[in-house]
Structure formats: C-alpha cells, structure tokens
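The values are calculated or read from the model by the stated rules, or taken from the named source; none is laboratory data. Keep in mind it's a predicted model, so treat the numbers as computed, not measured. All Cβ positions, glycine included, derive from the backbone under ideal geometry; neighbour counts span all protein chains shown. Each accessible area value is taken on the protein alone, full model and side chains, heavy atoms only, with ligands, DNA and RNA left out. Shrake-Rupley method; radii C 1.70, N 1.55, O 1.52, S 1.80 Å.
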There are 2 protein chains.
Amino acid sequence: MDDVAAAIADPVRRQILVMLRERPLAAGQIADRFTISRPAVSRHLRVLRESGLVRDTLVGRRRLYELDASRLAGLIEWLDQFAPADDWERRLDALETEVYRTRRERSRQNATDRQQENTA
Amino acid sequence: MDDVAAAIADPVRRQILVMLRERPLAAGQIADRFTISRPAVSRHLRVLRESGLVRDTLVGRRRLYELDASRLAGLIEWLDQFAPADDWERRLDALETEVYRTRRERSRQNATDRQQENTA
DNA sequence: CAAAAGCGTAACCACTGTGTTACGCGTTTG
DNA sequence: CAAACGCGTAACACAGTGGTTACGCTTTTG
C-alpha cells in the first residue's frame, strides 16, 4: 500500500490515472497531453506500473496502459478509519432512506400484485 | 489536496495520524513511539500541520497535536471516482444489513417497553 | 530492406525530502 | 532564580525524485 500512496502523491500520476479511467491509452497518447517530455511521462508510467495501479500490454510497436483501480482498495480502507462518525451516520442515513424507498416500492408493487390477483 | 496526498505518502506520518485517532498527544509522546530522532518526528509533524491534517495547541511547555481528519475529504472524494460499482454495492449491502440489525434491535426494545408498560 | 514510428532506458543535473547532531527559547520546578 | 524539561529550528549529509537530452531496440511502412 506504501507504493500506492507514493504513486498517488504526484499530480502528474494522478492525472494519468484519471485519463485511464475512461479507456486504455498508449504511452504516446498519454505523453501528448502533458507539457513535460515523453521520457518523463514514461518514468511516471513505470512508477504506476510498479505500484500495480496500471497494467501494460504490448500492441505492435505501441504499449497500451490500462487502469487497475483495485490496488486503491487498501488505501481507501486505510482512509476509512478516519471517516468521522457523523459522516458515517450521514452515509447510513442516506442509505437507510434508500432502503426505505426501495421497501416502499416493493410494497407498492406487492399491492399491485394483489390487485392483479383479485382481477384474475 | 496535493499537500494531503504528499503527507499521506510517508509511513511515519500515516502512523502518527493513526496514533492521533485515539486522542491528542504531545510531541514528545509521539516521538517516543518511534525509533527515529525527536527532531525528525518534529518535522513530520510540521508537514502534517502545514497540510492541515493536524492542529497544534501550546499547553505550558508542551505542544499538543490533534487530528483534523476533515482535510482527508478531498482525497477520499478523488478516490471515489475509482471505486468500482460493485464495491459501492458491497458497502450498500453491508449498511443495509446494519439498518436491519438496528431495526431488529429497536423492535426488541419496543417489545420490552410494552411489557414494562403492562407491568406498570 | 531502409526509413520512420513508438517507447523505454541511460546519463546527467537540480531540487526536495528525511535523517542526524547542535542549539536556542520559553516553561516549569526545586 | 538556576537547573531541567519540552520542543522547534538550523546546519549538514545523503538518498530519492523528477526533469532533460541522447540513444537503442522493436515494429511498421513505403
């Protein structure tokens, strides 16, 4: 998880991750979107690769990079221990509302079902 | 948010944040829990202070540090854009279970309340 | 098959970060 | 009020990071 945290610390690398969120990109395509040199981007890609945040595949003479966001799980889990209680409760409340909404819909659906049974 | 990400990147600083999760600590108390020198810890504390993750208060000749986890919000929000859908659903399921558990407890409590009403 | 494309790596340089020891300043204490 | 405490800062050494240009390897292309 240490590698992931260090990788995230750099703004260029964070930007690359955002770019790859859409779809895989070749190294050159990524480099074109930055003002820094292509080798500099290449080294950022290496850091991301070694942290596991990114997987690369050789396609002809190009190298495609794709996101592997699963490696962020550890960091997210670590951060969760700092989520304040009332934030947690806020989430819980929001989800509780969601659950009730779902239950209301289920009830309405059941009522409809019963009416249809009567009609049948 | 860049400051926060950089602050999080160091394992010593992450450990300090975990320590402060319990309660505020004086600089010396924090330093005692590390093998590195006290000035080294002091500088880590400065990084945390300047990133806003930590607030300090002078108390006599000691300096108490307390956590301010609210500054993590931006980073958490940024990370959320990479949370896969089924991870969100996993959280929802877990919280849904929590909601039902709470409701069961409330029902049991209500039942007890009614029994006590009968006794009264 | 020679030339161009696409990328990574090497070598180098400047800057930053992290550790150390020495020191200074304000606060408590005997 | 002098000594001890608590803590930050300064000065320094050194490793790591991030940028650059030059180069080389593999794959496509005309």
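Answer yes if at least one residue in the range A:72-85 is in contact with a helix residue (DSSP H, G or I) (Cβ under 7 Å, 6 or more places away or on another chain) and open to solvent by 80 Å² or more (accessible area, probe 1.4 Å), and no otherwise. Among the residues of the range A:72-85, not one is in contact with a helix residue (DSSP H, G or I) (Cβ under 7 Å, 6 or more places away or on another chain) and open to solvent by 80 Å² or more (accessible area, probe 1.4 Å), which makes the answer no.
Checking each residue in the range A:42-55 for being more than 10 Å from DNA strand D (Cβ to nearest atom), of a type outside the set (V, I, T) and either outside the structural domain of A:I8 (by TED's automatic domain parsing) or open to solvent by less than 100 Å² (accessible area, probe 1.4 Å) (or both) picks out A:L45, A:L48, A:R49, A:S51, A:G52, A:L53.
Rundown of residues vs (1) open to solvent by less than 20 Å² (accessible area, probe 1.4 Å); (2) touching a strand residue (DSSP E or B) at 6+ places or on another chain (Cβ under 7 Å); (3) of a type outside the set (A, V, I, L, M, F, W, C); (4) more than 12 Å from DNA strand C (Cβ to nearest atom), yes/no style:
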| position | (1), (2), (3), (4) |
| --- | --- |
| A:A40 | no, no, no, no |
| A:T57 | no, yes, yes, no |
| A:R63 | no, yes, yes, no |
| A:S70 | no, no, yes, yes |
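Hey, can you tell me all the residues within the range B:1-11 that are surrounded by fewer than 18 Cβ atoms within 10 Å (Cβ to Cβ) and either hydroxyl-bearing (S, T, Y) or part of a helix (DSSP H, G or I) (or both)? Listed by number, the residues that qualify are B:D2, B:D3, B:P11.
Residue-by-condition table, conditions (1) in a helix (DSSP H, G or I); (2) away from DNA strand D (no atom under 12 Å from the Cβ); (3) among the small types (G, A, S):
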| residue | (1), (2), (3) |
| --- | --- |
| A:F34 | no, no, no |
| A:L58 | no, no, no |
| A:S70 | yes, yes, yes |
| A:E77 | yes, yes, no |
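The C-beta contact set for the range B:42-53 (first residue within 14 Å of another protein chain (Cβ to nearest Cβ) and under 11 Å from B:D10 (Cβ atoms), second residue more than 6 Å from DNA strand D (Cβ to nearest atom) and assigned to a loop (DSSP other than H, G, I, E, B), distance under 8 angstrom, 6+ apart or interchain) comprises B:V47/B:D10.
Among the listed residues B:I16, B:I8, which satisfies the condition of being away from chain A (no Cβ under 11 Å) and of a type in the set (A, V, I, L, M, F, W, C)?
Every option except B:I16 fails the conditions.
Flag: B:L95 does not match the condition of being open to solvent by less than 30 Å² (accessible area, probe 1.4 Å), at pLDDT 95 or above, part of a helix (DSSP H, G or I) and hydrophobic (A, V, I, L, M, F, W, C).
Among the residues of the range A:24-38, those that are touching a residue at least 24 places away in the same chain (Cβ under 8 Å) and open to solvent by 50 Å² or more (accessible area, probe 1.4 Å) comprise A:P24, A:I36. Of all residue pairs spaced 6 or more apart or on separate chains, those with beta-carbon atoms under 8 Å, a first member in the range B:58-76 that is polar (S, T, N, Q) and a second member that is more than 8 Å from DNA strand D (Cβ to nearest atom) and open to solvent by less than 70 Å² (accessible area, probe 1.4 Å) are B:S70/A:P84.
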